[in-house]
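K.L.:
My structure is below; once you've seen it, I'll send some questions.
The values are calculated or read from the model by the stated rules, or taken from the named source; none is laboratory data. From a predicted model like this one, the values you see are computed outputs, not experimental measurements. Neighbour counts run over all protein chains shown; Cβ positions are idealised from the backbone, glycine included. Surface areas here come from the heavy atoms of the whole protein model, side chains and all, with no ligands, DNA or RNA. Shrake-Rupley method; radii C 1.70, N 1.55, O 1.52, S 1.80 Å.
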Amino acid sequence: MENPKKKKKTSQNPEAKFQFELNSCSKAKDLRGAISLYDDAVLNNTRLNQHHFNALLYLCSNSVADHSLKTTALDYGFRAFRHMSALGVVPNEATVTAVARLAAAKGDADYAFELVKGIGKYNNATPRLRTYDPALFCFCEMLDADKAYEVEEHMNGVGVSLEEAELAALLKVSARSGRADKVYEYLHKLRSCVRCVSESTAVVIEEWFRGAKASEVGEVEFDVGRVKEGVLRNGGGWHGQGWVGKGDWAVSRTSVGADGHCCCCGGQLVCVDIDDAETEKFAGSVAGLALEREVKANFSEFQAWLEKHDSYEAIVDGANVGLYQQNFADGGFSISQLDGVVKELYNRSGKKWPLVVLHNKRLRGLMENPSSRKLVEEWMNNGALYTTPNGSNDDWYWLFAAVKLRCLLVTNDEMRDHIFELIGSNFFNQWKERHQVHYTFIKGNLKLQMPPSYSLVIQESEKGYWHVPLAPGTSSESSRCWLCITRPSGDDPVATVSNGASSCLDSQVDENNATTISGKRKERSPPS
């Protein structure tokens, strides 16, 4: 009796067979095999589609890096693209990207750019970062800075964001072309794009600051007030007012101590906040969503109240603290924990009360107990309590208060649930890093985890110094490599290295004293 195996596959049509074999060549990076298949397909009048051409173009564009294949890859790549056009097969973004790469490999950046600028004539073809890269990198390699800037401008116009590699290329062409203003601009774009730079980007930055052109830019008689205002407005860590100081730059590789002091120049790095415009936008976003979801009159009343009581330096998520680790048999709401946080904040801030935000239903329960009522009345008498009304979500209230007043927020809530997803802010994490205070109770003893003493991000000081963190770091943050870039100014000679980098490897900081209680921006600026 016949025991049939799998049924034999029906014979593939020529188009499917060509596609299968072409994909196999692509996986094996076999350009010559793919070309042979293509020639046979043309000879046999196989009906070719977009997918066929894209597979061949992709393989050609990836083969130009091989010197022995470059000429063949360029020849067949452009031949295939002309054939595609002759057949009326409509290109897509992948097609344009592959051909742009071929053009760039040939040194024709203009054609690569024309391809991406004309992508709109193809149905549903939208340029991506990779579509622009061939033209951008080619112009940068040719030191054609103006054309490179034109590519960036076009990218911005269609909403394509640059990443580190693109910004580093623009930074490099600007530096080598002596365009000091553009170098400054791209350093700041890099600061806002990445937290730490790669080694290759660090080399580009070092090359600029060690060059002759860099020593010529800047002024000794700069407007100190304008620079300080810029630092405050921008949330600390940068001023954006242009080159400060004069003379040769000193560029060193060093590390930063746990307290945020640079081991080379001794400068203090800061914990960087979002800027004024972002803060106002953030507060407006929170308020707008809260007014949609809360009883409008209730939240509007809170906003009006906060306008008159705007001197708080810390907001406390009362429910989060009171219910911390209370999931045991006799657990409930621990007012002693909440009081511990309140008193600690009060003592740290020089006798200034924080604001506890607590739901009204929670308050009623606390007032029924004489001992807890005494604490609640103390908070009320000192303006340290705001109770949210029935039916409200107190998350909106404590978050809005912390953002609006630019102060610290004590909560272990990582703010990842649905109400925070609604905000959709790309600077939310940066704001949390600067403002959120975590806490623990170990055997009843409170420990506050204050915001870090400094942010792992490119920083520009009021003196015009730059500090640039490199990636990747090691398991020990204190051994991370930083670029320290300084130079003398009229009244502030560059500090000399004291005790070398090893001194900062041993430096320690008291976690309870690393950050002052104040989250207000006026106390956040780096030392002058």
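K.L.:
Find the relative contact order for region 276-449 and round it to a whole percent, using C-alpha pairs within less than 8 Å whose residues are 6+ positions apart.
P.N.:
Relative contact order comes out at 28 percent.
K.L.:
Oh, and also: Counting only residues 5 or more places away or on other chains, whose amide H sits under 5 Å from the amide H of GLN449 once H atoms are built in the peptide plane?
P.N.:
Under 5 Å from the amide H of GLN449: HIS438, TYR439, THR440.
K.L.:
Here's a follow-up. Check which residues have an amide H placed less than 5 Å from GLU294's amide H, if you skip close sequence neighbours.
P.N.:
Here nothing satisfies the definition.
K.L.:
Before anything else, pin down the relative contact order of the chain: Cα pairs under 8 Å, at least 6 apart, normalised by residue count, whole percent.
P.N.:
16
K.L.:
In whole percent, and with a 1.4 Å probe on the protein chains, what portion of the accessible area of the chain is carbon and sulfur?
P.N.:
Carbon and sulfur: 49 percent of the exposed surface of the chain.
K.L.:
Okay, moving on. Over region 185-321, what is the relative contact order in percent, taking alpha-carbon pairs closer than 8 angstrom and at least six residues apart?
P.N.:
Values: 93 pairs, mean separation 23.5, N = 137.
Value for region 185-321: 17 percent.
K.L.:
Residue by residue, what Karplus-based ³J(HN,Hα) values in Hz, rounded to whole numbers, does region 302-313 have, using 6.51, -1.76 and 1.60 with θ = phi - 60° and x for Gly and Pro?
P.N.:
Karplus-based 3J(HN,Hα) across region 302-313 equals 5, 4, 5, 5, 5, 4, 8, 10, 10, 9, 5, 9 Hz.
K.L.:
Projecting each Cα onto the charge dipole of the chain (Lys/Arg +1, Asp/Glu -1 at the beta carbon, about the Cα centre), which of TRP396, THR46, VAL231 comes out farthest on the positive side?
P.N.:
Of the listed residues, the answer is THR46.
K.L.:
From the phi of every residue in region 203-212, what ³J(HN,Hα) in whole Hz does the Karplus formula 6.51 cos²θ - 1.76 cosθ + 1.60 yield, where θ is phi - 60° and glycine or proline is x?
P.N.:
After applying 6.51 cos²θ - 1.76 cosθ + 1.60, I find 5, 4, 5, 4, 4, 5, 5, 8, x, 5 Hz.
K.L.:
In the chain, if the dipole is taken from +1 on Lys/Arg beta carbons and -1 on Asp/Glu beta carbons about the Cα centre, which of PHE113, TRP249, TYR149 is farthest to the positive end?
P.N.:
Toward the positive end, the furthest listed residue is PHE113.
K.L.:
To continue, here is another question. Express in nm, to one decimal, how much length is gained between MET380 and VAL158 on full extension, taking 0.36 nm for each residue of separation and deducting their alpha carbon distance.
P.N.:
Between MET380 and VAL158, full extension yields an extra 74.6 nm.
K.L.:
Another question, then. How large is ³J(HN,Hα), in whole Hz, for each residue of region 19-27 in order, when computed from phi with the Karplus curve 6.51 cos²θ - 1.76 cosθ + 1.60 and θ = phi - 60°, using x for Gly and Pro?
P.N.:
4, 4, 5, 5, 5, 5, 5, 5, 5
K.L.:
Next question. Counting heavy atoms of the protein chains only and a 1.4 Å probe, report the per residue accessible area for the chain as a whole number of Å².
P.N.:
Here the per-residue accessible area is 49 Å².
K.L.:
Grab the DSSP H runs of the chain that are 4 residues or longer, score each as -39,500 (n - 2.57), total them, divide by all residues and round the 222 nm result to the nearest 500 deg cm²/dmol.
P.N.:
So the calculated ellipticity at 222 nm is -15000 deg cm²/dmol.
K.L.:
Taking R0 as 51 Å, what's the FRET efficiency between ASP248 and GLU280 from their Cβ-Cβ distance, rounded to 0.05?
P.N.:
Efficiency for this residue pair is about 0.80.
K.L.:
To continue, here is another question. If amide H atoms are built 1.01 Å from N in the plane of the peptide, which residues on other chains or at least 5 residues away come under 5 Å of the amide H of ALA250?
P.N.:
Result for ALA250 returns THR486, ARG487.
K.L.:
Along the charge dipole of the chain, which of GLY260, MET380, THR126 sits closest to the positive end, that is, farthest toward it, with unit charges on the beta carbon of Lys, Arg, Asp and Glu (+1, +1, -1, -1)?
P.N.:
Toward the positive end, the furthest listed residue is THR126.
K.L.:
Testing the spin-label approximation: label points 7 Å from Cα along Cα→Cβ at LEU87 and THR440. State their distance in nm.
P.N.:
6.5
K.L.:
Just to be sure I understand the model, the point goes 7 Å from the Cα along the line to the Cβ. What's the resulting LYS70 to ARG195 distance in nm?
P.N.:
Roughly 4.0 nm, to one decimal.
K.L.:
Between (i) 27.4; (ii) 21.7; (iii) 38.3, which matches mean projected area of the Cα convex hull in nm² calculated for the structure shown?
P.N.:
Among (i) 27.4; (ii) 21.7; (iii) 38.3, the one calculated here is (iii).
K.L.:
Shifting gears a bit: Dipole of the chain, Cα-centred, from +1 at each Lys and Arg C-beta and -1 at each Asp and Glu C-beta, to the nearest 20 debye?
P.N.:
1380
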